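The values are calculated or read from the model by the stated rules, or taken from the named source; none is laboratory data. Note that the structure is a prediction, hence the values are computed from the model and not measured. Cβ: placed from backbone, ideal geometry, glycine included. Neighbour counts: every protein chain shown. These accessible areas exclude ligands, DNA and RNA; they are computed on the full protein's heavy atoms, side chains included. Shrake-Rupley method; radii C 1.70, N 1.55, O 1.52, S 1.80 Å.
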Amino acid sequence: FELIEELKSEHFGKDLKISLCVHDLLLYLNRSIYEQDHARSNNTNEQYLYQDILKYIERHLDEDLSLDTLAKEFFVSKYHIAHIFKENFGISVHQYISKKRLSMCKDAILINENITKIYLMFGFKDYTSFFRAFKKEYGVSPKEYKELYAQKPQS
């Protein structure tokens with residue numbers, strides 16, 4: 001509309017203003033087309049990839065879930081996975097997996113599962129690393145957590 005108004009006017013600097021309006025219009029059209037073709041498809045693809053990675057992690061918590069494993073599973077580079085994950089979730093893939101495993105362990109402790117079985121069920125390789133991670137996340141040891149919060153067996 002600005003361009004049409006300027007074409008019909010007799011204002012000082014009319015030719016320069018028309019040139020600026022044409023450039024603005026071309027830039028606007030180019031950006032619109034580019035964003036339609038690229039931004040949405042990339043964001044959509046990345047969202048699908050992100051959702052698929054989350055589902056995969058959920059189903060394979062007891063397995064090796066390194067970036068290399070995920071990259072092979074999804075046929076993309078581990079750097080791409082790390083970038084998408086950090087952008088969408090705000091933490092690294094490793095941190096997410098660790099938090100997810102610890103949450104599952106915590107839930108299992110609450111229903112009075114054996115702690116030794118728990119850490120192995122959810123992908124921790126040894127008790128020491130599980131103990132340190134659990135204490136760091138929840139502020140108490142797994143045994144203390146069990147004593148404080150687990151369901152008491154009915155007599």
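Here are some notes:
- With helices as the sole contributors, the chain gives -23000 deg cm²/dmol at 222 nm; each DSSP H run of n ≥ 4 counts as -39500 (n - 2.57), and the sum is divided by every residue.
- Partners of Lys78 within straight-line reach, counting lysines whose Cα lies under 18 Å from its Cα and excluding those fewer than 8 residues away in the same chain: Lys55, Lys86.
- Protein heavy-atom accessible surface, 1.4 Å probe, per residue over segment 8-155: 71 Å².
- Where only C-alpha atoms are counted, convex hull volume of segment 7-155 per residue in Å³: 197 Å³
- The long axis of helix 14-34 is offset from the longest Cα principal axis of the chain by roughly 30 degrees.
- Ordering Glu58, Glu5 by accessible surface, largest first, gives Glu5, Glu58; the 1.4 Å probe counts only protein heavy atoms, with every chain in place.
- Accessible area of segment 45-125 belonging to carbon and sulfur atoms, whole % at 1.4 Å probe: 53 percent
- For segment 7-88, the alpha carbon positions stretch 75, 18, 17 Å along the principal axes, listed from largest to smallest.
- Electrostatic bookkeeping for Ser9 treats Lys and Arg as +1 and Asp and Glu as -1; over the other residues with beta carbon under 13 Å from its beta carbon, the sum is -2.
- Separation of the Phe89 and Tyr48 label points, Cα + 7 Å toward Cβ, nm: 2.1 nm
- One compactness figure for segment 80-155 is 1.24, namely its Cα radius of gyration divided by 2.2 N^0.38 Å.
- The modelled label-to-label distance between Lys117 and Lys78, using points 7 Å beyond Cα along the C-beta direction, is 3.4 nm.
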